[in-house]
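The values are calculated or read from the model by the stated rules, or taken from the named source; none is laboratory data. Model, not experiment: these values are computed from the prediction. With ideal geometry, Cβ positions are generated from the backbone for all residues, glycine too; neighbour counts draw on all protein chains shown.
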Amino acid sequence: MIEVEVKARTLPETLDKIISLGATFSGTESHEDLYFNHPHRDFRRSDEALRIRIKEEGARLTYKGPKLDGLTKSRKELTVKIDSPQEMAEILAALGFVLSAVVRKRRTKYVLGDITFALDDVEGLGSFLEMEIRGEADFFEEQRRRVLSLLEELGLGESIRSSYLELLDEKARKESAAWKDRPP
């Protein structure tokens, strides 16, 4: 399955614009995402991700492959339900995977046909919109054009290709550099 996704920072009018398109409220969720790194290759370098997502309806293990283009966050995504996130984390640790980060967010979802609008309030980062369509690789270009067109229609500027994990890493590096550069 391919997840065709764009992300942007939200504006005060973003929700009103989403509703004006005809999207309907789908629900609100709390996510705790546990990201793991491979024991023999750095997922940051290979542009992959392995996470356990814990939310109200249960937990899932997801693998995300490298991004497929230069404008979106589109990538192959494989997800399975898991009964116990704690035991899954222990299995991954026994296999040599290392917990590399935890990302927490509150997500409010709206749906318009096959497009999901996810308004995310990410701990430590702020507010974002993710728009996604899940589908087969045969329809990638068409779906990609649709989400990029909607991003433009919503007036949100360019797509942010970085994941929340990458954005948190970047923020931490900048804060560390600022701390080191401060006057004594």
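What single numbered condition from (1) surrounded by 16 or more Cβ atoms within 10 Å (Cβ to Cβ); (2) under 28 Å from Ala172 (Cβ atoms); (3) at pLDDT 95 or above; (4) among the β-branched types (Val, Ile, Thr) fails to hold for Thr28? Failing condition for Thr28: (1).
Pairs linking a residue in the stretch 36-64 that is part of a loop (DSSP other than H, G, I, E, B) and among the aromatic types (Phe, Trp, Tyr) to a residue that is modelled with pLDDT under 95 and surrounded by 14 or more Cβ atoms within 10 Å (Cβ to Cβ), with Cβ atoms under 9 Å and 6 or more positions apart or on different chains, do not occur.
Within this structure, Phe117 fails the test of being more than 18 Å from Thr24 (Cβ to Cβ), among the aromatic types (Phe, Trp, Tyr) and either in a strand (DSSP E or B) or more than 12 Å from the chain's Cα centre (by Cα) (or both). The set of residues in the stretch 106-142 that are over 22 Å from Leu168 (Cβ atoms), among the acidic types (Asp, Glu) and in contact (Cβ under 8 Å) with a residue 24 or more places away in the chain contains only Glu136. The residue that is farthest from Leu34 (Cα to Cα), counting only those in the stretch 135-184 that are surrounded by 15 or more Cβ atoms within 10 Å (Cβ to Cβ) and basic (Lys, Arg), is Arg146.
Among residues of the stretch 76-105 that are surrounded by fewer than 15 Cβ atoms within 10 Å (Cβ to Cβ), those with a Cβ under 6 angstrom from a residue that is among the basic types (Lys, Arg) and in a strand (DSSP E or B), sequence gap 6+ or separate chain, pair up as Lys81/Arg60.
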